[in-house]
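The values are calculated or read from the model by the stated rules, or taken from the named source; none is laboratory data. Keep in mind that this is a model prediction, so the values were computed, not measured. Cβ coordinates were reconstructed from backbone atoms using ideal geometry, including for glycine residues, and neighbour counts include every protein chain displayed. In case anyone asks, the SASA skips ligands and DNA or RNA and just uses the protein heavy atoms, side chains included. Shrake-Rupley method; radii C 1.70, N 1.55, O 1.52, S 1.80 Å.
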Amino acid sequence: MKMDVLEAIHSRSSVRVYRKEPVAIDLIRQVIQAAARAASASNAQPWRFIVVGDKNRQHAIRAIAPGIRDEPAAIVAVCLQAPGAGNAHADEMAWMSLGAALQNLLLAAHALGLGACPVGSFHQRAVALLLDLPAGVTPAILVTLGYPIAGAAASKKPAPQKGLDEICFSERWGVPL
Amino acid sequence: MTADPLQKQLTHLAEFLITSARALPEEPPDYGVTRLMDAAGWLLDIMVSAGMDSALVLELERQVDAARFGKLSKEEMKTALDALIIQFSNEEKRLNNG
C-alpha cells in the first residue's frame, strides 16, 4: 500500500488497540528505515531503535509503561544516543532530530497500513535496564505498532486541532497569515 | 521473577500500578482514571486466562473494555462506572444472601 505524503499526514492518528496479528519483520524494517531518513542536525543521526516482538519481554515492558494500553504486535523503543558530550545545544538539536525521526516512523507505519502510538508514560531507568542500554543512550519514547482494528479509526472523535490563525503569523507575531 | 505464569502476570500488574503511581503526579489528572481502568481490564484478563471466567467476569471484562476504549466524556465515564459498581454490589448481595 502506498500513500501520498500529505494524505498520510492528514489522515494519521494514534492507534492504541490492535488486532491480535503479528507484523512481518520486513514491514517493521521499512518503518525504521523511513524513520532513519529524517533530517538530523550535523547529520548526527542520534536515533537508535530497539524492536521488541517477544511477548514475555513486551509484558515486562508494559508493566513499567502505563501508557501502553493494549498488546501490540511490536514495541519500538526510540532511543537517543546524545552526541553532545556536554554540549547543551548539540543535545537539544539531537532531541529535535529524534522528533523528526519519530514523525517519519509514525507516517511510514500509517502508509504501510499499520497503526502506531507514541508512548511517553514509562519509567525511563527501568526501560533502559530491561533493554540493556549502554551509558549515554536514553529511551526517549516507546512506539506501539500493530494492525488497527477495522472501523476503529472511523468511530474515533477527531483530536481537536488549533487553527492556522492561532499558530502561524505573517512577518511578525500576532499578524494572521 | 517467578516462572509461574499466574504469579508472573499478577506481578506485572502490581508493577504497572506502582509505575503508574510514580508517574501520575506529573501527568494530567484524567490519566488516573485511565490507569485504574486499564489495571481493572488487565486484572479481568488475567482472571479469564486463569480459568476464572464466570459469566459475570466475562460481562465485566466486556464492560470495562467498552469504558476503556469508548472515548467517553467525563460524564459518560462516571455513568458507566456507576453502572459497573452497582453490578458488582448486586452480585455481592446475591452471593451473601443466597
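Taken over segment B:24-55, residues that are facing chain A (nearest Cβ under 8 Å) and surrounded by fewer than 18 Cβ atoms within 10 Å (Cβ to Cβ) amount to 2. Just checking, how many residues over segment A:133-144 are open to solvent by 40 Å² or more (accessible area, probe 1.4 Å) and more than 18 Å from B:Ala23 (Cα to Cα)? Adding up the residues that qualify gives 3. Here A:Ala140 meets each of (1) touching a residue at least 12 places away in the same chain (Cβ under 8 Å); (2) within 14 Å of chain B (Cβ to nearest Cβ); (3) within 14 Å of A:Ile50 (Cβ to Cβ) with one exception, condition (2). Taking the condition of being among the charged types (D, E, K, R) and closer than 24 Å to B:Ala21 by Cβ, how many residues in segment B:33-60 meet it? Selection size over segment B:33-60: 3. When segment A:55-70 is limited to residues that are under 15 Å from the mean Cα position of the chain (by Cα) and among the hydrophobic types (A, V, I, L, M, F, W, C), the one that is nearest to the other protein chains (Cβ to nearest Cβ) turns out to be A:Ala65. Against the numbered list (1) more than 9 Å from every other protein chain (Cβ to nearest Cβ); (2) in a loop (DSSP other than H, G, I, E, B); (3) within 29 Å of A:His123 (Cβ to Cβ), B:Lys71 comes up short only at (1).
B:Ala21 meets the conditions (1) at pLDDT 95 or above; (2) facing another protein chain (nearest Cβ under 9 Å) in every case but one. The failed one is (2).
Number of residues in segment A:60-86 that are of a type outside the set (A, V, I, L, M) and closer than 17 Å to A:Arg125 by Cα equals 5.
Here is a yes/no grid of residues against (1) more than 14 Å from chain B (Cβ to nearest Cβ); (2) surrounded by fewer than 22 Cβ atoms within 10 Å (Cβ to Cβ); (3) at pLDDT 95 or above:
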| position | (1), (2), (3) |
| --- | --- |
| A:Gly53 | yes, yes, yes |
| A:Ala82 | yes, yes, no |
| A:Gly99 | yes, yes, yes |
| A:Leu106 | yes, no, yes |
| A:Ala109 | yes, no, yes |
| A:Gly115 | no, no, yes |
| A:Gly120 | no, yes, yes |
| A:Leu131 | yes, yes, yes |
